[in-house]
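The values are calculated or read from the model by the stated rules, or taken from the named source; none is laboratory data. Just so we're clear, the structure is a prediction, and the values are computed from it rather than from any experiment. Cβ sites come from the backbone with ideal geometry, for glycine too, and all protein chains shown count toward neighbours.
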Amino acid sequence: MDEPGDLTPLTVQQPLPLAFIRGEAVLERPDDLYIPPDALEVLLDTFEGPLDFLLYLIRKHKFDIVQLPVLEVTQQYMEYIDLMQELNFELAAEYLVMAAMLAEIKSRLLLPKHQHSQEEEQDPRAELIRRLQEYEVFKQAATDLDSLPRQERDYFAGQASLADNFQPLVILPDVAVEDLLLALKDIMKRAKDFQHHHIQREQMSTRERMSRILALLQQHDYLPFEACFELAEGRDGVVVSFLAILELSKEKLITLTQVALFGPIHLKVATGAEA
């Protein structure tokens, strides 16, 4: 137990290691360590080239690119070159080439013009202005393309797979009277092509047609709605068959099914009637 007058701290912070060499911490710098003055090099990636830097200077000082003030631009450019050399930044050769081009354009502008020359002298800035305008167009196009939404950067495509034991639940739609009327309309349209006149009048019975439909259902588990009609019997036969289907459905002797919405309608013997 510490005495009351002892003010020694309970914990002492350990010095942080300068580096780890082969897994061992180095706490002190060696006395013979020599660091050359040029050991640190900084590469400037702010501008993508001399044209990019010239375009930056023009926009910064709000110069007119068509009426390029070579003197002001050259001064700003050379100040940048001198600053980079003082800071020991590595400059690409194309920056120095652009500096020489600006000096050449400036010197050509200072030359006196021939007053008696018949040929019109070309502006020394024309080629540089053309290159700057072309570069500005492509730079803006690249910026617009980069702003477009990009897959795997701005949005990601989701994927999902069903389980192996997945069983889809199929709910068959109910057959309404409107569906029967639409199917009947199609049957009536096709029955018009088989209309003919009879000398003697035909006698058709709804009960007889009900028995015929039930006999067909004994041979087939599912009977298409169209199979219950004889188009050769004309309009009267279609009406009698339709009334027979309605009567069988009303008496719950048959069941009307439809696999899909607006799909074909089928007839089936009702569960109670099968017994």
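Given the options Ala215, Ala244, Ala183, name the one that is assigned to a helix (DSSP H, G or I), within 44 Å of the chain's Cα centre (by Cα), among the aliphatic types (A, V, I, L, M) and under 15 Å from Leu267 (Cβ atoms).
Going through Ala215, Ala244, Ala183 in turn, just one is assigned to a helix (DSSP H, G or I), within 44 Å of the chain's Cα centre (by Cα), among the aliphatic types (A, V, I, L, M) and under 15 Å from Leu267 (Cβ atoms): Ala183.
Quick check: anything in region 141-164 among the aliphatic types (A, V, I, L, M) and closer than 30 Å to Leu111 by Cα?
For region 141-164, residues among the aliphatic types (A, V, I, L, M) and closer than 30 Å to Leu111 by Cα: absent.
Counting only residues that are modelled with pLDDT under 85, surrounded by 13 or more Cβ atoms within 10 Å (Cβ to Cβ) and in a helix (DSSP H, G or I), how many does region 249-275 have?
Number of matching residues: 1.
Among the numbered conditions (1) over 20 Å from His266 (Cβ atoms); (2) surrounded by fewer than 11 Cβ atoms within 10 Å (Cβ to Cβ), tell me where Lys192 comes up short.
(2)
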